[in-house]
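Shown next, in structure tokens, is the structure this report addresses.
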Amino acid sequence: MTRNSVSRTLLRLYWLLFTVLVLLLGAKFADDIPGVPESVVNIASQLYEFTRDMSLLIATGGVAYLSNIFQKRSKFVESLEEEWRNIVRTKSALLTYCEKPYLGTDDYLAAFSRISETIDTMRIVYRNAGETDGLVGLYPYAPLHDMRRALLTLDPRVNTEPSLEQKQLAKDAILQAFYGLREVFLEELDLEEPQHTLLISGARRMKVPGADVAAQMQQDVQRYRLNREKSPRPDIDAMLAELREREKANGSDTPKQ
């Protein structure tokens, strides 16, 4: 269920809820409105009483409906994420093929099968744009076909010895198509900027080696308990102690976290 579908469904639900609340408000105070016929007041009163009695059932149905909507949305997002991972893997496979010094038929067929599968698995996520009962419609993400066409230029059964320029051109075409696809494909995922970014090149860890007092005390207690017991493998203890001293001598005693 796409983001627009969810938004439209929720908007209709909000309008329905607003309309029902207005009607119930009018039914509640119908007898206080001058000029309203007695029959209308009775009907409004009965409607209000019925809605109040059924409020729990109505609320349960509304919650179930909303749960179904968001469950469909969650499954759609999962399918979309998996499709994007598939596209990324396909892009990597095509670029790897372009980098091979000698292009073999088996490698080409494997790469072509990969892009063909990626094009077809899009059907489990989206239907064609403008598709109707009588019209096929347009494939929603044409750059995938551009990637396929670029790969066709390196078919070893047709182009037995492609030049480096031809390989580079096909690679650049694949990357251009991928970048264009990436710019629009991920919009549906409602991605947000991270709260904690690292935007500089050459960044490094700012924390210094060490731990707080509580952790050091816990370490000392564990070491004391361990030393009180006789070791079943002194040779292992000696080896680990030697390795630990080597790390200290090399200035790498702190484990990487």
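The values are calculated or read from the model by the stated rules, or taken from the named source; none is laboratory data. Here the structure is a predicted model, which means the values were calculated and not measured. Don't worry about glycine lacking a Cβ; one is built from the backbone with ideal geometry, like all the others, and counts go over all protein chains shown.
Output the number of the condition that residue 215 fails; it satisfies all remaining conditions of (1) at pLDDT 90 or above; (2) assigned by TED's automatic domain parsing to the domain that holds residue 125.
(2)
Let me spell it out: the conditions are (1) among the hydroxyl-bearing types (Ser, Thr, Tyr); (2) in contact (Cβ under 8 Å) with a residue 12 or more places away in the chain; (3) outside any helix (DSSP H, G or I), and residue 79 meets all of them except one. Which number is the exception?
(3)
Suppose we filter 65, 102, 108 for residues that are aromatic (Phe, Trp, Tyr) and outside any helix (DSSP H, G or I); which single one remains?
102
Condition test on residue 92, is it at pLDDT 95 or above, surrounded by 11 or more Cβ atoms within 10 Å (Cβ to Cβ) and part of a helix (DSSP H, G or I)?
So residue 92 passes the test.
For the stretch 149-160, does any single residue satisfy the condition of being surrounded by 12 or more Cβ atoms within 10 Å (Cβ to Cβ), more than 27 Å from residue 183 (Cβ to Cβ) and in contact with a Lys or Arg (Cβ under 9 Å, 6 or more places away or on another chain)?
Checking the stretch 149-160: not a single residue is surrounded by 12 or more Cβ atoms within 10 Å (Cβ to Cβ), more than 27 Å from residue 183 (Cβ to Cβ) and in contact with a Lys or Arg (Cβ under 9 Å, 6 or more places away or on another chain).
Could you say whether any residue in the stretch 124-138 is basic (Lys, Arg) and in a helix (DSSP H, G or I)?
Within the stretch 124-138, not a single residue is basic (Lys, Arg) and in a helix (DSSP H, G or I).
Determine which single condition residue 39 fails, assuming it passes every other condition in (1) surrounded by 13 or more Cβ atoms within 10 Å (Cβ to Cβ); (2) modelled with pLDDT under 85.
Residue 39 satisfies every listed condition except (1).
For residue 53, all conditions in the list (1) farther than 30 Å from residue 119 by Cα; (2) surrounded by 11 or more Cβ atoms within 10 Å (Cβ to Cβ); (3) of a type outside the set (A, V, I, L, M) hold save one; what is the number of the exception?
The failed condition is (2).
Identify all residues within the stretch 89-116 that are free of Cβ contacts under 8 Å to residues at least 40 places away in the same chain and either in contact with a Ser or Thr (Cβ under 6 Å, 6 or more places away or on another chain) or not assigned by TED's automatic domain parsing to the domain that holds residue 167 (or both); write none if there are none.
The answer is 114, 115.
Which of the residues spanning the stretch 112-143 are in contact with a strand residue (DSSP E or B) (Cβ under 9 Å, 6 or more places away or on another chain) and either acidic (Asp, Glu) or over 20 Å from residue 2 (Cβ atoms) (or both)?
Within the stretch 112-143, 131 is the sole residue that qualifies.
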